[in-house]
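No lab work stands behind these numbers, since they all come straight from the coordinates. This one's a predicted model, so the numbers in the text were calculated from it and none came from an experiment. Because the Cβ atoms are built from the backbone with ideal geometry, glycine has one as well, and the counts that use them run over all protein chains shown.
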């Protein structure tokens, strides 16, 4: 909301001595935030004049020739095009050589044969445009009543000497959007004696409004005011409204708007003579209807919308907007003013659905206590003492007293204050304390529990000056962070192996569901209230998103780098999924031409590192007839006998959709939850080991049959003295035969004679030759 | 013998040794010198009368030491030079070569790690929880009544009458608190949350939050202040000042919005902080009694707070567009690599 310093001062005189800085601190302490402080530059070089007479311009229908007294010997002749120019009124004049704030310099000027000796100023010539300027003032000049001719400091007449504060109030204190409640909170902070009385001084006739209930309308009133005249408000009224962020309309609406700025309760006003009846009712529509609002727009109402009716005619959409047909015009003589407290939830839902966010709709979209409605009627009756008001309310809106545990309060607040001091603060807040019972005033329907009362004390205690107190606590053994720590371990493993983490959106369109759906998971979680088709469903795989990252970066010609995402995917089950993609080769050092090869073998190494972190191991089985990967370069990843993932080279036809058809991209995708569920901390036992230097021999042999190598290895294991063996080299000869080098380690628990060793080598040679191998000398 | 000019001889030795290119030739040159100039002195010593033997012995020893010192100095220098020669490599340091920087976490993970590091020290459980949650945990358990604007379909994503995408991590915290019998519940939840919002510079339909509660009998608002101030110092540095502003959230009472001195201007006032010198970073408060009741917990006091990880990342790393956190542009992401050029 916007509130002006002068308005606050009109309620709280002491506010004159409070600086903006102290005001900001006060607002913060009581739960409000000053978002912006607006001040105005005082215009210079302008002077107040009096329009002595107005004549029609001889050559123009739209221009007037005015004689204006500016306090000098001779009045000035000024040509003016404003429609509201009027004799005997004071105005603001820019004379020869006056420089306006926008840089424009006023010079004597011949306007269609008449020499104009200056300019009569509108608001926009005096100060930068105010967003709340009325239509009349956008086109017209400023006309003043009380200014003094020749005066050069006239800013106070149009509100330029005021300061405006843009303030956010807590969402549960809609009443603070009204000046009364606002000032009450500020007065409480500064310890000034200012209380809004629960008592309302107005005369109310029973309205017999039997529609008043807690689901539609908790109170309702109509006030008939006769013999009014509609015109434009004076600048005294307009400057107050504009400084509170309200655009003036006409003398009737502006008076009601002033009431609203004080109470936060908007009024609806109708031309009483146009209404079919003055007996209004409130009801929820039973069928759709269309209305034309006073803003000239058509609104399609639905069954359930709350409307105010006169006989069978809708006269307003309750709390949101009036119907154009019954609005107050320049010809209006009698008015009917309505104050109602409509169901705020319904009001908000209807205004959102219709995209109709009038000032009334904003104020009525949150709870308002009935007490403020009565306070509004009181103000209205002050303005129009002859108005007759009919009123009905639901009478169960009484605030129950609260019981307070003062020991709990001491512990909770820890302010080191005596009981008397605490009670004093509560009294200062308008709360009446009797033993451990606290009576809540009607205007504080937000106080519903003990903690609300604690907060009232905090408002007066400057929380920012309190010193924090360390929490004394015991160390508790906790074991609920396992998932987080495993996720972190896996991320660390990935980044240690040159993979960059990515983060992408989980909601995708239905068209994207099947893209790279390697686990063939049906999408389960579809958004019910989807208003953006690109966010229709929770994704079931991460590979599609990763490929889109590559697509995006390719479009900017960025070098591709290995990437991964670790994120839960949602189907019938919720599963932590790790997916990674990479171009086959990753440059490490271009100068030395060193690269890491991250093909299936490289990705398998990465997957094994992940398995290590999870204290498990993966097995890999070749895939065949897969939609996404090439058969000879893809594997299903198994853990504990179940398929938990895939790794492989993505088929070009899949990559083409991402504009990556010319690239060789490998992918790894693992569902980790099985590993998480079975996670066991590893227990390692050191074994005794042989302290002797191991004895090994290399034997090279050539074979044309690759399968025989496996047979040779198998037979070699039958020689009991061999502890282990390994193929350490493989070389393809010119004649396509292959030479292998097998390294054999002997068990050397005891001393072995060379002759014995040779005899075993002979045995191995025999095995090799038996399997068509040829020993290489 | 005292007529022998040892200084001159040593200079000759130095010259001779300086000319040598290998350690072997250096030793050889030394041996030749010894044979020529030192060994004859030992012969003289044998023949010298007993009266001058002692003096001659001392002279020979001094000469020998000088030879050895000279040799060792030059040998050490030669070995250094030879090693340097062996390691001579024709590199040009200006050529952009090795790029051994590893992968890197996203700015979001970096912030999460930084915050969880703080909470691990004070013994918190760290959980990420599911993003699909029960409406009950996202709203009802948190004292957010059915008419609250945040429950509007235009604001949150719903799957059906029971489930939705969590709109805050407090939904996860509420689930963990439910029926929790511990007398000391300390839990931090983090991860993606969702709002039915249009994406722009500062808004994203998916973003990240961290939320934590410490439920324990006897906690006070001064404890809350201590915890929040220390957390913000951990993240923004010891120089960061904090400001608490009373506010309203349905699940805490009292509630605070917490500001830190503007990271851009240091509190002087700039467009980023709207000339206030403060930047709002966090919401906090004492858990509302209705939240305790909904969770079926007997404990009366609890501290709670939550904040947007994306916003923290934007403030800390000077990121002006939240969408950069989700487009994964390598030009942006590579800046977060340690040692990035």
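Within 10 Å of each Cβ of A:460-470, how many other protein chain Cβ atoms are there on average? Let's see the in-between values first.
On the way: counts 0, 1, 1, 10, 6, 0, 5, 4, 12, 9, 5.
What the average comes to for A:460-470 is 5.
Tell me, in nm to one decimal, what length is gained between residue A:526 and residue A:403 on full extension, where the rule is 0.36 nm per residue of separation less the Cα-Cα distance?
On the way: separation 123, 0.36 × 123 = 44.28 nm, distance 4.71 nm.
Extra length available between residue A:526 and residue A:403 comes to 39.6 nm.
What are the semi-axes of the equivalent ellipsoid for the range A:576-713, taken as the square roots of 5 times the Cα gyration tensor eigenvalues, largest first, in whole Å? Before the final figure, lay out the partial values.
Working: eigenvalues 195, 122, 67 Å².
The equivalent ellipsoid of the range A:576-713 has semi-axes of 31, 25, 18 Å.
Determine the principal axes of the Cα atoms in the range A:385-434, then give the extent along each, sorted from largest to smallest and rounded to whole angstroms.
54, 25, 17
Under 15 Å from a label point 7 Å along Cα→Cβ of residue B:4: give me every residue in the range B:53-82 with its amide N that close.
The answer is B:53-68, whose backbone nitrogens lie closer than 15 Å to the label point.
Given that compact globular proteins tend to follow 2.2 N^0.38 Å, what is the ratio of the alpha-carbon Rg of the range A:135-185 to that value? Write down the numbers at each step before the final one.
On the way: Rg = 17.1 Å, N = 51, 2.2 N^0.38 = 9.8 Å.
Compared with the compact-globule rule of thumb, the range A:135-185 sits at 1.74.
Between residue A:462 and residue A:477, what is 0.36 nm times their sequence separation minus the Cα-Cα distance? Round to one decimal in nm. Write down the numbers at each step before the final one.
On the way: separation 15, 0.36 × 15 = 5.40 nm, distance 3.74 nm.
Length gained, residue A:462 through residue A:477: 1.7 nm.
Of the peptides B:215-228, A:365-378, how do they stack up when ordered by the mean number of other Cβ atoms within 10 Å, highest first? Spell out each step's value before the answer.
On the way: B:215-228: 21.3, A:365-378: 23.1.
Highest mean packing first, the order is A:365-378, B:215-228.
If you take the square roots of the eigenvalues of the alpha-carbon gyration tensor of the range A:1-83 and sort them as a ≥ b ≥ c, do you get rounded (a/c under 1.5), prolate (a/b over b/c) or oblate?
Details: a/c = 4.19, a/b = 2.92, b/c = 1.44.
Taking the square roots of the gyration eigenvalues as a ≥ b ≥ c, the range A:1-83 is prolate.
Sort B:53-66, B:176-189 by the packing proxy (mean of other Cβ within 10 Å over each peptide's residues), most packed first.
Values: B:53-66: 13.4, B:176-189: 18.4.
Those peptides, ordered most packed to least, come out B:176-189, B:53-66.
Using a Förster distance of 56 Å, how high is the FRET efficiency between residue A:588 and residue A:510, based on the Cβ-Cβ distance and rounded to 0.05?
Numbers: r = 41 Å, r/R0 = 0.74.
So, using R0 = 56 Å, E works out to roughly 0.85.
Expected output is a single nm value to one decimal: the length gained when fully extending between residue A:653 and residue A:382, i.e. 0.36 nm times separation in residues minus the C-alpha distance. What is it? Write down the numbers at each step before the final one.
Values: separation 271, 0.36 × 271 = 97.56 nm, distance 8.02 nm.
Working it through step by step, the gained length comes to 89.5 nm.
Would you please state the base-10 log of I(q)/I(0) at q = 0.13, 0.18, 0.26 1/Å for the range A:88-161, with intensities from the Debye formula using one equal scatterer on every alpha carbon?
Taking Cα atoms of the range A:88-161 as identical point scatterers yields -0.42, -0.80, -1.39.
Compute the semi-axes of the equivalent ellipsoid of the protein assembly as shown, taking the square root of 5 times each eigenvalue of the Cα gyration tensor, and list them largest first in whole Å. Working shown, then result.
On the way: eigenvalues 1338, 356, 223 Å².
Whole-Å semi-axes of the equivalent ellipsoid: 82, 42, 33.
Would you work out the Kirkwood radius for the range A:278-367? I mean one over the mean of 1/r across all pairs of different Cα atoms, in Å. Walk me through the numbers on the way to the answer.
Numbers: mean 1/r = 0.0754 Å⁻¹.
Final number for the Kirkwood radius of the range A:278-367 is 13.3 Å.
At a Förster radius of 30 Å, what calculated FRET efficiency corresponds to the Cβ-Cβ distance of residue A:193 and residue B:230, to the nearest 0.05?
On the way: r = 40 Å, r/R0 = 1.34.
Result of the calculation: an efficiency of 0.15.
Extending each Cα 7 Å along its Cβ direction at residue B:23 and residue A:421, get the distance between those two points in nm, one decimal.
Between residue B:23 and residue A:421, the label points sit 8.2 nm apart.
Test of understanding: ordering A:693, A:719 by Cβ neighbours within 10 Å, fewest first, what list do you get?
On the way: A:693 7, A:719 14.
In order of increasing Cβ crowding within 10 Å: A:693, A:719.
Kindly give Rg over Rh for the range A:227-319, based on alpha-carbon atoms, with the Kirkwood expression for the hydrodynamic radius.
Details: Rg = 15.4 Å, Rh = 15.0 Å.
In the range A:227-319, Rg relative to Rh is 1.03.
Helix B:6-18 versus the longest principal axis of chain B: what is the Cα-based angle in degrees, 0 to 90, to the nearest 10?
50
I'd like the projected area of the range A:627-777, averaged over all directions, using the convex hull of its alpha carbons. Report it in nm² with one decimal.
Numbers: hull surface 60.4 nm².
Approximately 15.1 nm², given one-decimal rounding.
Could you tell me the largest-minus-smallest coordinate of the C-alpha atoms of the range A:448-577 on each of the three principal axes, in descending order and whole angstroms?
Principal-axis extents of the range A:448-577 (Cα, largest first): 58, 41, 35 Å.
Could you check the simple spin-label distance between residue B:293 and residue A:719, using points 7 Å along Cα→Cβ, in nm with one decimal?
8.4
Which of B:300, B:154, B:15 moves most in a GNM of chain B, Cα contacts under 10 Å?
In the Gaussian network model the winner is B:15.
Compute the FRET efficiency between residue A:10 and residue A:678 as 1/(1 + (r/R0)^6), taking r as their Cβ-Cβ distance and R0 = 56 Å, and round to the nearest 0.05. Show your work: numbers first, answer last.
Numbers: r = 73 Å, r/R0 = 1.31.
The calculated FRET efficiency here is 0.15.
For the range A:699-760, count the residues as N, evaluate 2.2 N^0.38 Å, and divide the Cα radius of gyration by that value, please.
On the way: Rg = 13.5 Å, N = 62, 2.2 N^0.38 = 10.6 Å.
Normalised Cα radius of gyration, the range A:699-760: 1.28.
Under the Kirkwood approximation applied to all pairs of distinct alpha-carbon atoms, what is the hydrodynamic radius of the range B:192-292 in Å? Don't skip to the answer; put the middle values down first.
On the way: mean 1/r = 0.0654 Å⁻¹.
Value: 15.3 Å, from the Cα pair sum.
For the range B:145-206, take the convex hull of the Cα atoms, compute a quarter of its surface area, and give me that in nm², please.
So the Cα hull casts an average projection of 5.6 nm².
Any idea what angle helix A:370-383 forms with the longest principal axis of chain A, computed on alpha-carbon atoms, 0 to 90 degrees, nearest 10?
30
What does the C-alpha gyration tensor say about the overall shape of the range B:265-341? Classify as rounded when a/c is under 1.5, otherwise prolate if a/b is larger than b/c, or oblate. Provide the component values of the computation, followed by the final result.
Details: a/c = 3.42, a/b = 1.78, b/c = 1.92.
It comes out oblate by the Cα gyration axes.
What number in nm² do you get for the range B:15-78 if you take the convex hull of its Cα atoms and divide its surface by four?
Details: hull surface 17.0 nm².
Result: a mean projected hull area of 4.2 nm².
Please compute the alpha carbon radius of gyration of the range A:422-518, then divide it by the globular-protein estimate 2.2 N^0.38 Å. Two decimals is fine. Walk me through the numbers on the way to the answer.
Numbers: Rg = 26.9 Å, N = 97, 2.2 N^0.38 = 12.5 Å.
For the range A:422-518, the normalised Cα radius of gyration comes out at 2.15.
Relative to the longest principal axis of the C-alpha atoms of chain A, give the angle of the C-alpha long axis of helix A:251-263, reported between 0 and 90° and rounded to the nearest 10°.
Rounded to the nearest ten degrees, it is 50.
What is the percent of Cα-Cα separations in chain B that go past 34 Å? Could you put the intermediate results ahead of the total?
Numbers: 29094 of 57970 pairs.
Within chain B, distances greater than 34 Å cover 50 percent of Cα pairs.
Rg to Rh ratio, the range A:179-260, alpha-carbon atoms and Kirkwood radius? Numbers along the way, then the final one.
Numbers: Rg = 17.1 Å, Rh = 16.2 Å.
For the range A:179-260, the value is 1.05.
Please compute the volume of the convex hull spanned by the alpha-carbon atoms of the range A:372-459 and report it per residue in Å³. Before the final figure, lay out the partial values.
Details: hull volume 9.7 nm³, N = 88.
Dividing the Cα hull volume of the range A:372-459 by its residues yields 110 Å³.
Which stretch or stretches of the range B:35-75 have amide N atoms under 19 Å from the point lying 7 Å from residue B:14's Cα along the Cα→Cβ direction?
Those under the cut-off are B:37-38, B:62-75.
Would you calculate the convex hull of the Cα atoms in the range A:637-700 and tell me its volume per residue in Å³? Provide the component values of the computation, followed by the final result.
Details: hull volume 15.5 nm³, N = 64.
Residue-normalised Cα hull volume stands at 242 Å³.
How crowded by other chains is B:156-165, given as the mean number of beta carbons from other chains within 10 Å of each beta carbon? Intermediate results must be reported in sequence, preceding the final value.
Numbers: counts 1, 9, 4, 9, 3, 1, 0, 2, 4, 7.
Going residue by residue through B:156-165 and averaging, the value is 4.
At a 10 Å Cβ-Cβ cut-off, how would you order A:743, B:195, fewest neighbours first?
On the way: A:743 14, B:195 18.
Result, fewest neighbours first: A:743, B:195.
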